Amino acid sequence: MAVKLSVVCLMATVVCFLGPWGRCMGSECGPGGSQSRAVWCSHPDGWTTLHTNCDQAERPDNQQGCFRVCDWHKDLYGWQLGAWNQCVPVVMRNGGGQRPAVCSRGEEGIQTREVGCVQKADGEPAEDAICEYFEPRPRQEQACLIPCPRDCVVSEFTPWTLCSKTCGMGLRNRVRNVLAPPLFGGSACPNLTEFQTCQVGPCEGEESLYSLRVGPWGPCSVPNSRQTRQTDKRKEVKERLRERGKVKDPETRELMKKRRNKNRQNRPGGKFWDLQVGYQTREVSCQHKSGNMEALSMCSQEMLPVTFQACVVPRDCDVTEWSEWSACSKECYDPNTPGGGQRTRTRRVSQFPLSGGAECPELEESEPCSPQADTAPTCTLNTWKTTEWTECRVDALLSQQDRRRGNQTGLCGGGIQTREVYCVQAGAEMPSNLRTKDALRPVDSELCQGIPPNTTQLCHINCPVECEVSPWSAWGPCTFENCQDQATKKGFKLRKRRIINEPTGGMGNCPHLVEAIPCDDPSCFEWLVVKLEECVPDNDRECGPGTQIPQVQCVNSEGEETQRREQLCRDAILPMPTICEVPCPKDCALSPWTQWSPCSHTCSGKNAEGKQTRVRSILAYNAGEGGVQCPNASALQEVRSCNDHPCTVYHWQTGPWGQCIEDSSFPYTNVSVGVTRTDDGSCAVGMQTRKVICVRVNVGQVPPKKCPESLRPDTVRPCLLPCRKDCIVSPYSEWSPCPSTCGNSKKKQVRKRIIIQVPANGGQDCPEVLVQERDCEARSVCPGYRWKTHKWRRCRLVPWSIRQDSPGAQETCGPGLQFRAISCRKQDGGQADIEACLKSASPMPPLTQQCHLPCQEDCQLSSWSKFSSCTANCVGVRTRKRSLMGKSKKRDQCKNNQMYPLSETQYCPCKKYNAQPVGNWSDCILPDNSRMEGQLGMKVQGDVKECGQGYRYQAMACYDQDSRLVETSRCNSHGYIEEACIIPCPSDCKLSEWSNWSRCSKSCGSGVKVRSKWLREKPYNGGRPCPKLDHVNQVYEVVPCLSDCGQYVWVAEPWSVWKISNVDLRSNCGEGVQTRKIRCMLNTIDGPSEQVEDYLCDPEEMPLGARNSQLPCPGDCVLSDWGSWSPCPLPCNENRTRERTAFPLRQPGNNKTCPPTTATEPCKMNSNCFHYSYNITGEYLFLMGNLWTPTDQLRLFDVSVQLGLDRKLQMNASCVVECPVNCQLSDWSAWSECTRSCGLAGKLWRRRTVVQAPQGDGRPCPYQMEQWKPCPVQPCYSWRYSAWSVCRSEGARCGHGMRFRNVSCFVSDGSGQQDSGLVDDELCADVELLVDGDAQIILQEACIIPCPGDCYLTDWTVWSPCQLNCVNGDDLGFGSVQVRSRAVVAQDPENLLQCPEQELEARPCTGGQCFEYKWRSGPWRGSSRQVWCERSDGLNVTGGCLQSSKPMADRSCHPPCTKPRSFCTEAGVCGCEEGFTEVMTSDGLLDQCTVIPMLEIPTTGDNRADVKTIRGFNPTQPAASAPGRAGRTWFLQPFGPDGKLKTWVYGVAAGVFVLLVFIISMTYLACKKPKKPPRRQMNNRLKPLTLAYDGDADM
């Protein structure tokens, strides 16, 4: 609700304040509510005072009635918006400020409207508070823009016309047209016509004052009923007379009746044409040149114009009622896409329009429809089907493009599969048995909706994984070949290895896994010493010799412990106790024996024998007396023989498995290959065999008995034969439709079938023919309709009752009308309904034409004959003739050859033709050897290099001698120039061969190895790109490698003898050092064989080469070497410890004790306690073999020591490497229709699409996805109008007349740059009769010939271009407009006051362009120059430019320069022309210009000779540049204003006289002969002195 402001009540000393009205309160909705407000008394200073201080009589009310608004009032009340008022300028509204003098973009304004709250039912006003309760008050003002006034813009005047009269006083005029109308209060258009009187010469006789004038033809009328009856009666009489002479034979009459009925509806007066001949009249008057009508007798003329003529009574088109709706064109119900059908209804023409009657309305209308589900069958839908995917095809990589690599069948990795997509009827599922012939029939691909399935997909062929095996195990014991059969004494020693990966293709491609060596005394079980117990001295002593009891296990030949050891190993030799010694305190202390080293050879022979060694060292020396002495050095090492068996190793060698051969006798139930048999029995169980031989290593094949028979591999295994698949093809599709063109066209129909399943495994092959073609039947008649015109009827004159009063009416002759019948025919000549031709045929031919019945006095001529034939091209003439007919042969006036020529002669036409190429060369097109495929499927083209020799084409055009385009056959040309061209073949990137693999980056554990290629040749012409190269043009391949940590091992020699470092060496104890050699050895199956570089072994695992320790003295306790430190518990903490232990080897002497056997130390971080974590050193993307495949991305980890670490980090990550896929393109489409039906610029196009984009280093797509070649050049024939003839009014001088034009055939080249040439109409026989797209041909129209003295309007100009209202090129949004105008033309000065007003028409339009107007000015010519307004398109106009900015065109002097030979100078004062001097008045004004001889004195800027001359000035010579002479020369004026000589003239004359006397005297002295001149002065004779006037006036 609105809040009213406080009201202030002023009194003498106090102020009455009113608060806002409160909310309307009440018990009921509506006007019964009340509201209150606060009223208080306040002092002017602002403080509140008592109410008594205010005048109580003037106290305002604090309560009032109100309208209580409820929510349901929203439907009863609403805002009523009035129309926006006129836009008022802001400056005028804000107080009448001055409006801007120059308007640029428009003036800002405000427009208002009335807004009020009303009752919606009756519009009664209501309180605004009611509507404000629901909705804020709409705005009552808005900004607007008042456009700047736009003045009328007109063009320049045309040249002056000729004088309107050939003698006497006449008028000539010039006109201009309106280019832009006045808008928004702009200035009106000026006069479009200027008149100027003219007089060619005086008239010889009396001027003709009267002219015979004819008016327009009136409406077509019919004679009155009486006259009609009389005419019909006469017709009946003539008809009866005609019937009397006819044959009375009934058969003949019946035949004639049928013929009449057949054409009744098509002849005049029949069913469709109610032709009625009437008449029309016109008025003939006599007009004075002043425009007044006078008596007809004032116009002297022998014969008056015809005032009547025959006509056809106008008839409007009349049609029948609409027919019933036709059945829906869609005959089935489609629930997915309702609609889609059309139904039509028609109506027929019962009366055709005649003589300008109303045209016929539409005769057919249609509306969408959809069959109902209950009345129509369900539509047969179509869907996409696909064939099977082809086998995965892998493109060869760059490394496999070398031709020297012959076999590329072993390709693997990423590839591509293709299939064919075709359209079939939906609902028909693929039959379960593919051998049936009921496969789906392909239909046209356009019948399938939606996106077709992909025709290509990526695939992957697993690359072969080579079999990897572990190292050989040690040779086992000599065992029986079969422990169950120990009859034979033949035994074997075996060693084995295992497969450590999963190779592709099973185990058949792996090497042998077991090798055997024959041996003697085999046994199946033996005792194995697990360990030796502690040495126990004999006789219960504490030290001295003793024995060690071995702990044994009974194991089989595989090394596995058996449970029944006593029973199984009863025949085996039980190990005996070993002799040992516990040193006494004074004895030599030795360390325990080390483990036996690996055997040096795997077998023994003449040149090699297996040995094993073990060593021990001296830990403490013995005492000098009584102790056991230490052994010598040789006793510290033991050697024993090993692998003493001969080097005759045997193994079974297997060949590859053969082909799976069907074996019907194989019991299916015994097959264990894990396959299930199919129901149709097309799959069977077969058998595979392979060759197994016994091979001796390094020798070759040996008899099978040399190898263990129990280990012989299988030579036969069952297999599952792959199912035999026959070729499945679809039925043939329907024949493709023949083209709709008529005639003997060599088009073909095609049908095809699709290979649904390719044969495999010996199945039936596919048929060779998949596409069939046949010629289309040539259509002799094209479908369509045409008009058939019948013969013209006799010429019918104006009815006798109308022409009976005219001169010569007794004779039946003169102008009339004749009719003909028109019918509709099919192209084969059969009858058709008229509506068919109205819909499909060309415009209807005319039904009537004017005719003329010759009168007795008329000359009758026959038609022209054909031109005679020419004997030769461009040689001679040809003629045509006609003759007089009937009585015309005897009339003299008909024998006038000038008026009635009987022959015409013309030169024989030249038929010279020349051919010339036009346009550009086409693309280079390779020969197309492939068969044209139909539109039923989308085939995928293989990887084909498109290069080699092709052909390009250029169109040939043929021109005649008049440079008109004709058919190319005239020039004996097939329309093309053909030229061979070369499409360069693509050259792929060429790389070198792979280098050798580098060493593994890690000598122990996981690492990488690298190999590289370098660039040999870059790709060009679209060849396959190179892989990503580095800065030296190399590409690398990185693969993981795993170096066996046991391949290179450290081998330590025994410790050397202690070297004591103290001074006293007699006791052989104290501090000392031991050393040994450490070598890195290659570890082979025979053990460490040769020394290699130390870097190949792990440096962290290198044993110590020296050690310092305390050598015990005799009697000291001797401990063994310390064991390894126990691991520190993690996490590292100094409060925790690690320990190591030793055990006593020699007990201490008396009073001596052993040192502690356990050593501990705290765990310190990074000292003896280490927290290990994986350090990720990088990521490597590696390739498998030569192929890029989806593989794993490997991380390399640098782990120094692994102490129970959990591998929580992912060691590899899955990644995808793009496989090389070549670009796959579709087939070229068929050549399109020509882009132009005729002309020079037509092109044929064909296109292809990318089916599979390239990927990786596959071959890229060629850039050319479309090709064009020129169409054969065809002339462009069209119908065009000729110019309108001059308006003619026969028999009268002026008034209403007719003008005519023709339609002729023209030829052009279609480019729009060459003028069309007129040719014979026969060449346009196949062109529809259209002129500029309009089928309505208008060959005549009414016109007006002005009478002498008439003042009339010209024809309307053409509509001007559409023009926007713009400022600086920006559209202001006021729309576009175009205009046309009519100017006034007068012929007599006396009638100018009777001229009509000029006319102007403007209309809105769409589009348009912006025009700008600018003032232009020419150079100054004296005191004036030309100034004009120019439009932005270069057109000079009047109007459009602002008058306030118009440049000055005249520099006037005040007062004007009216004296002869005077002009206004640039300074604005009057001066005289060159050669005249100014005579000024006393007040400084020019009085006159006087002609004087003058002395011209050149200035320093003059380049003429230095000798000054005096010449007389020719006063009649025009000045070259009058305003510029002051800067060039200056003049002496000898005469004063009174015409007398000035005083200085006399002085100059006296000076000249003195100068002459001086010159004569000096000449005399110079020429006087000297008296005896001395010889020495001969060369110093005085030379004549030449003086010249130097311009000094005082000389």
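The values are calculated or read from the model by the stated rules, or taken from the named source; none is laboratory data. Because the structure is a prediction, the values reported are computed rather than measured. When we count neighbours, we look across all protein chains shown, and the Cβ atoms used for this are built from the backbone with ideal geometry, even at glycine. Only protein heavy atoms, including side chains, enter the accessible area calculation; ligands, DNA and RNA are left aside. Shrake-Rupley method; radii C 1.70, N 1.55, O 1.52, S 1.80 Å.
Considering only region 187-207, state which residues are charged (D, E, K, R) and within 60 Å of the chain's Cα centre (by Cα).
Our first condition is that a residue be charged (D, E, K, R); within region 187-207, this holds for 194, 204, 206-207.
If the condition is that a residue be charged (D, E, K, R) and within 60 Å of the chain's Cα centre (by Cα), then Glu194 is the only one that fits.
Does Gly65 count as part of a loop (DSSP other than H, G, I, E, B), over 18 Å from Gly185 (Cβ atoms) and either out of contact with any helix residue (DSSP H, G or I) (no Cβ under 6 Å at 6 or more places or on another chain) or at pLDDT 85 or above (or both)?
no
State the number of residues belonging to region 648-678 that are at pLDDT 65 or above, closer than 30 Å to Phe492 by Cβ and not in a strand (DSSP E or B).
The qualifying residues number 6.
Out of the residues in region 1415-1456 that are open to solvent by 40 Å² or more (accessible area, probe 1.4 Å) and among the hydrophobic types (A, V, I, L, M, F, W, C), state the one that is farthest from Val154 (Cα to Cα).
Trp1420
Quick one: count up the residues across region 522-555 that are surrounded by 14 or more Cβ atoms within 10 Å (Cβ to Cβ) and in a loop (DSSP other than H, G, I, E, B). Can you show your working first?
Here is the first cut: in region 522-555, the residues surrounded by 14 or more Cβ atoms within 10 Å (Cβ to Cβ) are 522-528, 532, 535-537, 543-550, 552-555.
Okay, now just the ones that are also in a loop (DSSP other than H, G, I, E, B), so 522-524, 535, 543, 549.
The qualifying residues number 6.
Could you tell me which of the residues Arg441, Arg497 is in contact with a Pro (Cβ under 7 Å, 6 or more places away or on another chain) and within 30 Å of Arg751 (Cβ to Cβ)?
Checking each option against the conditions leaves just Arg441.
Take Trp997 and decide whether it is at pLDDT 85 or above, touching a Ser or Thr at 6+ places or on another chain (Cβ under 7 Å) and either surrounded by fewer than 14 Cβ atoms within 10 Å (Cβ to Cβ) or closer than 30 Å to Cys947 by Cα (or both).
Numbers: at pLDDT 85 or above: yes; touching a Ser or Thr at 6+ places or on another chain (Cβ under 7 Å): no; either surrounded by fewer than 14 Cβ atoms within 10 Å (Cβ to Cβ) or closer than 30 Å to Cys947 by Cα (or both): yes.
It is false that Trp997 is at pLDDT 85 or above, touching a Ser or Thr at 6+ places or on another chain (Cβ under 7 Å) and either surrounded by fewer than 14 Cβ atoms within 10 Å (Cβ to Cβ) or closer than 30 Å to Cys947 by Cα (or both).
Do you know which of the residues in region 304-324 that are in a strand (DSSP E or B) and of a type in the set (A, V, I, L, M) is most open to solvent (accessible area, probe 1.4 Å)? Give the derivation first.
Taking region 304-324 as the starting set, the residues that turn out to be in a strand (DSSP E or B) are 308-312, 315, 318-319.
Within this subset, residues satisfying the condition of being of a type in the set (A, V, I, L, M) are 310, 312, 319.
Working: Ala310: 13, Val312: 11, Val319: 35 Å².
Here the answer is Val319.
Tell me, please, whether a residue that is open to solvent by less than 60 Å² (accessible area, probe 1.4 Å) and among the polar types (S, T, N, Q) can be found in region 1017-1025.
no
When only residues in region 325-356 that are part of a loop (DSSP other than H, G, I, E, B) and under 29 Å from Ile822 (Cβ atoms) count, which is least open to solvent (accessible area, probe 1.4 Å)?
Quick first cut of region 325-356, residues part of a loop (DSSP other than H, G, I, E, B) only: 325-332, 334-340, 347-348, 352-353, 355-356.
From the residues that got through so far, the ones that are under 29 Å from Ile822 (Cβ atoms) too are 326, 347-348, 352-353, 355-356.
Working: Ser326: 48, Arg347: 47, Arg348: 98, Phe352: 6, Pro353: 36, Ser355: 70, Gly356: 83 Å².
Ranking the candidates gives Phe352 first.
Anything in region 1306-1364 that is under 30 Å from Gln287 (Cβ atoms), acidic (Asp, Glu) and at pLDDT 85 or above? List them, or say none.
Once the filter is applied, which keeps residues that are under 30 Å from Gln287 (Cβ atoms), acidic (Asp, Glu) and at pLDDT 85 or above, region 1306-1364 yields Glu1341, Asp1355.
Residues that are more than 30 Å from Ser840 (Cβ to Cβ) and charged (D, E, K, R): does region 778-793 have at least one? Before the answer, list the steps.
Quick first cut of region 778-793, residues more than 30 Å from Ser840 (Cβ to Cβ) only: none.
No, because not a single residue in region 778-793 is more than 30 Å from Ser840 (Cβ to Cβ) and charged (D, E, K, R).
I'd like to check something: does region 1022-1033 contain any residue that is part of a strand (DSSP E or B), closer than 30 Å to Gln1264 by Cβ and within 47 Å of the chain's Cα centre (by Cα)? Can you show your working first?
Taking region 1022-1033 first, the residues part of a strand (DSSP E or B) are none.
Checking region 1022-1033: not a single residue is part of a strand (DSSP E or B), closer than 30 Å to Gln1264 by Cβ and within 47 Å of the chain's Cα centre (by Cα).
Regarding region 18-38, can at least one residue be identified that is touching a helix residue (DSSP H, G or I) at 6+ places or on another chain (Cβ under 8 Å), surrounded by fewer than 15 Cβ atoms within 10 Å (Cβ to Cβ) and farther than 30 Å from Cys144 by Cβ?
Yes, the conditions are met somewhere in region 18-38.
Residue-by-condition table, conditions (1) open to solvent by less than 30 Å² (accessible area, probe 1.4 Å); (2) modelled with pLDDT of 80 or more:
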position	(1), (2)
Thr436	no, no
Thr455	yes, yes
Lys493	no, yes
Asp520	no, yes
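Could you tell me whether Glu156 is modelled with pLDDT of 90 or more, under 30 Å from Val175 (Cβ atoms) and either open to solvent by 80 Å² or more (accessible area, probe 1.4 Å) or acidic (Asp, Glu) (or both)?
Numbers: modelled with pLDDT of 90 or more: yes; under 30 Å from Val175 (Cβ atoms): yes; either open to solvent by 80 Å² or more (accessible area, probe 1.4 Å) or acidic (Asp, Glu) (or both): yes.
Criteria met by Glu156.
Report every pair of residues separated by at least 6 positions or lying on different chains whose Cβ atoms are under 6 Å apart, first residue within region 520-539 and in contact (Cβ under 8 Å) with a residue 40 or more places away in the chain, second among the β-branched types (Val, Ile, Thr) and crowded, with 17+ Cβ neighbours inside 10 Å.
So the pair list comes out as Pro522/Thr479; Cys524/Thr479; Trp527/Val552; Val529/Val552; Cys535/Val582; Pro537/Val582.
So if I check each of Gln400, Gln417, which one is at pLDDT below 75, out of contact with any Pro (no Cβ under 8 Å at 6 or more places or on another chain), open to solvent by less than 50 Å² (accessible area, probe 1.4 Å) and not aliphatic (A, V, I, L, M)?
Values: Gln417 fails: at pLDDT below 75.
Just one listed residue meets the conditions, Gln400.
Taking only region 833-875 into account, find how many residues are of a type in the set (D, E, K, R), under 24 Å from Asp274 (Cα atoms) and part of a loop (DSSP other than H, G, I, E, B). It would help to see each step written out before you state the result.
Pass one, region 833-875, residues of a type in the set (D, E, K, R): 833, 835, 839, 857-858, 866.
The next check asks that each one be under 24 Å from Asp274 (Cα atoms); those that pass are 833, 835, 839.
Going one step further and asking which of them are part of a loop (DSSP other than H, G, I, E, B), we end up with 833.
Of the residues in region 833-875, 1 are of a type in the set (D, E, K, R), under 24 Å from Asp274 (Cα atoms) and part of a loop (DSSP other than H, G, I, E, B).
Could you list all residues from region 1256-1284 that are in contact (Cβ under 8 Å) with a residue 60 or more places away in the chain, open to solvent by less than 50 Å² (accessible area, probe 1.4 Å) and outside any loop (DSSP other than H, G, I, E, B)?
Scanning region 1256-1284 gives Gln1267, Trp1268, Lys1269, Pro1270, Cys1276.
What residue, among those in region 1331-1368 that are part of a strand (DSSP E or B) and acidic (Asp, Glu), is nearest to Cys167 (Cα to Cα)? Walk me through how you get there before you give the answer.
Of region 1331-1368, the ones part of a strand (DSSP E or B) are 1331, 1334, 1340-1345, 1351-1353, 1363-1367.
Now restrict to residues that are acidic (Asp, Glu): 1334, 1341.
On the way: Asp1334: 45, Glu1341: 32 Å.
Checked region 1331-1368; the qualifying residue nearest to Cys167 (Cα to Cα) is Glu1341.
Hey, among Glu609, Glu566, Glu558, which residue is surrounded by 12 or more Cβ atoms within 10 Å (Cβ to Cβ) and among the acidic types (Asp, Glu)? Break it down stepwise before answering.
On the way: Glu566 fails: surrounded by 12 or more Cβ atoms within 10 Å (Cβ to Cβ); Glu558 fails: surrounded by 12 or more Cβ atoms within 10 Å (Cβ to Cβ).
Residue meeting the stated conditions: Glu609.
Does Lys586 meet the test of being closer than 25 Å to Asn643 by Cα, at pLDDT 80 or above and open to solvent by 70 Å² or more (accessible area, probe 1.4 Å)? Spell out how you get there, then give the answer.
Numbers: closer than 25 Å to Asn643 by Cα: no; at pLDDT 80 or above: yes; open to solvent by 70 Å² or more (accessible area, probe 1.4 Å): yes.
The answer is no for Lys586.
Can you tell which of Ala1342, Ala1325, Ala1402 is out of contact with any Leu (no Cβ under 8 Å at 6 or more places or on another chain), free of Cβ contacts under 8 Å to residues at least 12 places away in the same chain and either closer than 21 Å to Arg150 by Cα or not aromatic (Phe, Trp, Tyr) (or both)? Step through it out loud before you land on a result.
Numbers: Ala1342 fails: free of Cβ contacts under 8 Å to residues at least 12 places away in the same chain; Ala1402 fails: free of Cβ contacts under 8 Å to residues at least 12 places away in the same chain.
Answer to the selection: Ala1325.
Restricting attention to region 1106-1145, and to residues there that are of a type in the set (D, E, K, R) and touching a Gly at 6+ places or on another chain (Cβ under 9 Å), which single residue is surrounded by the most Cβ atoms within 10 Å (Cβ to Cβ)? Write out each step before concluding.
First, pick out the residues of region 1106-1145 that are of a type in the set (D, E, K, R): 1107, 1116, 1121, 1134, 1136, 1138-1140.
Within this subset, residues satisfying the condition of being touching a Gly at 6+ places or on another chain (Cβ under 9 Å) are 1116, 1140.
Numbers: Asp1116: 21, Arg1140: 15.
Checking each candidate, the answer is Asp1116.
Select from region 110-132 the residues that are in contact (Cβ under 8 Å) with a residue 24 or more places away in the chain, in a loop (DSSP other than H, G, I, E, B) and open to solvent by 40 Å² or more (accessible area, probe 1.4 Å) and write down the one among them that is farthest from Pro31 (Cα to Cα).
We begin by selecting, within region 110-132, every residue in contact (Cβ under 8 Å) with a residue 24 or more places away in the chain; these are 110-121, 123, 126-132.
Now restrict to residues that are in a loop (DSSP other than H, G, I, E, B): 113-114, 120-121, 123, 126-127.
Checking the rest, the ones that are also open to solvent by 40 Å² or more (accessible area, probe 1.4 Å) come to 114, 120-121, 127.
Values: Glu114: 25, Lys120: 17, Ala121: 18, Glu127: 11 Å.
Per the criteria, the residue is Glu114.
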